[in-house]
Amino acid sequence: MANHKSAIKRIRQTETKKLHNRYFAKTMRNAVRKFRMLEDKKEAEEQLPKLYAMIDKLAKRNIIHKNKAGNLKSKITKFAHTLS
């Protein structure tokens, strides 16, 4: 256990940030999952910019790695173009 007040505070802050980051990462994963279930090309093209923005924001805040963000965006773009 931590011996200093500042270390105890840091533990509290880290726990709060961890829960916050986990929530946003899970939200993004669910959004990607729902996007991959789409069958309508028009609807997919409407949702693509929103999903891009969400992924970019998480990468900017270091919740996910920038390369993972790029990989996700590439995969969902390919998926959107394969829809008919």
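Nothing in this text is a laboratory measurement; each read-out follows from the coordinates by a stated rule. Given the structure is predicted, the values throughout are model-derived calculations rather than measurements. Please note: Cβ atoms are built from the backbone with ideal geometry, for glycine as well, and neighbour counts cover all protein chains shown.
Worth a mention:
- Residues S84, S6 arranged by fewest to most Cβ contacts within 10 Å: S84, S6
- Extreme residue, positive dipole direction of the chain, given options N3, P49, S74 (C-beta unit charges): N3
- Mean Cβ neighbour count within 10 Å, used as a protection proxy, ranking 16-29, 63-76 highest first: 63-76, 16-29
- A straight Cα-to-Cα reach below 30 Å connects K9 with the lysines K17, K18, K26, K57, K60, K66, residues fewer than 8 places away in its own chain not being considered.
- Segment 13-56: GluC sites (Glu not before Pro) falling in loop per DSSP and having at most 10 other Cβ within 10 Å: E39
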